[in-house]
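What follows is one structure encoded as structure tokens, with my remarks underneath.
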Amino acid sequence: MSAQLFVVATPIGHLDDMTFRAIEILKSVSLIAAEDTRQSIQLLKHFNIDTPLTACHDHNESHKINQLIEQLKAGQNIALISDAGTPLISDPGFKLVRAAQEHNIRVTPVPGACAAIAALSAVGLPSDRFSFEGFLPSKASQRLAQLEKLKDETQTLIFYEAPHRILECTKNLRDTFGAERTVGFAREITKTFETIKKMTLGELVEFVEQDHNQQKGEIVLVVAGAPQEKDLSQEKLDDLLKRLLQDLSVKAASQLVADLTGIKKKIAYQRALELTQ
Ligand code: SAM
């Protein structure tokens with residue numbers, strides 16, 4: 001008889017965000033595989049859950065898997081939890097879920113909190129299309145290379161960041177994406193010092209630099225996608241530039257056209273120069 005592996009989300013701060021179903025399942029399974037058992041004991045105590053715990057984290061996941069798969073095959077239901085939020089989302093669990101599937105073991109999600117989705121739901125940036133980017137590389141050169149690849153992405157981008165790197169990361173974002181790009185800053189979601197703000201990347205650097213409290217706790221950055229290049233015919237672009245060039249400099253006219261239409265400023269500038277010659 002094959003049992004089920006439940007992937008159970010837990011709160012990201014406020015314990016009341018634990019779902020009824022999560023409590024029920026954690027009470028009913030034979031074993032809970034947790035990222036850090038010391039951390040999870042606190043949560044389980046709070047909800048009077050006395051199910052046995054075993055550690056399943058990045059360092060032992062590979063060899064722990066066989067053991068857990070054997071237990072599942074023997075008919076024992078197992079729940080997977082991480083320190084906070086949804087397992088597998090910048091947290092361990094992927095290898096276990098994949099192994100369970102390979103052994104035809106049913107994997108059942110028990111949804112709940114996820115910092116990325118909570119941030120996206122509250123910062124007021126387009127949420128119809130978004131890309132979860134997780135943590136950027138810790139090495140500066142790799143981080144900048146990654147941002148360079150993302151700078152023309154038109155979807156909303158979601159990043160997780162550690163507090164000790166937040167200032168450097170916001171500066172990297174500003175320098176790569178431009179100071180005018182809009183960003184949502186979501187810190188300590190559901191906790192006492194929850195801060196949710198929307199501003200430009202330039203303003204965010206100042207905000208984080210001037211108030212050291214903003215460099216503490218847990219942070220999600222939600223960055224607006226690059227402006228979409230509108231379908232603009234050469235004729236319409238020329239008409240617009242010609243009209244603006246009657247009153248404005250080449251620089252100002254091309255900046256305005258880039259802002260209004262989403263076409264690259266360099267292209268608008270080049271065309272404006274040609275039209276004035
Ligand atoms: N699995 C988790 C989830 O579902 O969101 C994410 C775990 S990841 C190791 C931890 C990162 O998530 C933090 O560095 C931070 O970027 C983000 N995070 C977690 N809790 C948060 C909170 N309460 N407020 C803001 N960000 C949070």
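None of the figures in this text is laboratory data; all of them are computed from the coordinates on show. What you are looking at is a predicted structure, and each value in this text was computed from that prediction instead of being measured. In this analysis, Cβ positions are derived from the backbone assuming ideal geometry, glycine residues included, and neighbour counts consider all displayed protein chains.
Descriptive notes on the structure:
- Among Ser249, Ser30, sorting on how many other beta-carbon atoms sit within 10 Å of each Cβ, with the fewest leading, yields Ser249, Ser30.
- Per-residue ³J(HN,Hα) for region 133-145, Karplus 6.51 cos²θ - 1.76 cosθ + 1.60, θ = phi - 60°, Hz, x for Gly and Pro: 9, x, 8, 6, x, 6, 6, 4, 5, 5, 5, 5, 5
- HN-Hα J in Hz across region 81-89 - Karplus 6.51, -1.76, 1.60, θ = phi - 60°, x for Gly and Pro: 10, 10, 4, 7, x, 8, x, 6, 8
- For region 16-92: Kirkwood Rh in Å [reciprocal of mean 1/r, alpha carbons]: 12.8
- Cα-based shape type of region 234-276, given that a ≥ b ≥ c are square roots of the gyration tensor eigenvalues and the cut on a/c is 1.5: rounded
- Contact order normalised by residue count of region 1-77, Cα under 8 Å, 6+ apart, percent: 44
- Sparsely packed loop sites in region 167-197 (the chymotrypsin sites (Phe, Trp or Tyr not before Pro) outside DSSP H, G, I, E and B with at most 15 other Cβ atoms within 10 Å) comprise Phe193.
- Remark: C-alpha extents of region 173-240 on the principal axes read 55, 23, 16 Å, sorted largest to smallest.
- Value of relative contact order over region 116-223, rounded to a whole percent, pairs C-alpha under 8 Å and six or more apart: 33
- Exceedance of the 32 Å cut-off in Cα-Cα distance is limited, within the set Lys45/Lys198; Lys197/Lys265; Lys198/Lys264; Lys45/Lys216; Lys45/Lys95, to Lys45/Lys198.
- Extension reserve of the Arg243-Thr37 stretch, reckoned as 0.36 nm per residue once the Cα distance is removed: 67.4 nm
- In the chain, a dipole from Cβ-located charges (positive for Lys and Arg, negative for Asp and Glu) runs towards its positive end, and of Leu237, Thr156, Ser131 it is Leu237 whose Cα lies farthest in that direction.
- The P(r) of region 116-223 has a tail past 16 Å containing 53 percent of all C-alpha pairs.
- Our analysis of the chain gives Rg over Rh at 1.12, with the two radii drawn from alpha carbon positions and Rh computed by the Kirkwood formula.
- Under 5 Å, built H, 5+ apart or other chain: amide partners of Ala33: Thr54, Ala79, Leu80, Ile81
- A compact globular protein would have a Cα radius of gyration near 2.2 N^0.38 Å; the ratio found for region 86-145 is 1.48.
- When DSSP beta bridges are restricted to pairs lying wholly in region 4-113, around 5% turn out antiparallel.
- Taking the C-alpha atoms of region 1-144, convex hull volume expressed per residue in Å³: 143
- Inter-probe distance in nm under a simple model that places probes 7 Å from Cα toward Cβ, at Asp16 and Asp128: 3.5
- Taking θ as phi - 60° and the Karplus parameters 6.51, -1.76 and 1.60, the scalar couplings of region 33-40 work out to 8, 10, 4, 9, 5, 5, 5, 6 Hz in sequence order, x denoting glycine and proline.
- Ellipticity estimate at 222 nm from DSSP helix runs (n ≥ 4, -39,500 (n - 2.57)) divided over the chain, nearest 500: -13000 deg cm²/dmol
- Dipole axis of the chain (+1 Lys, Arg; -1 Asp, Glu on Cβ), positive-most option in Ile189, Gln39, Phe177: Phe177
- The ranking of His103, His63 by Cβ neighbour count inside 10 Å, starting from the fewest, reads His63, His103.
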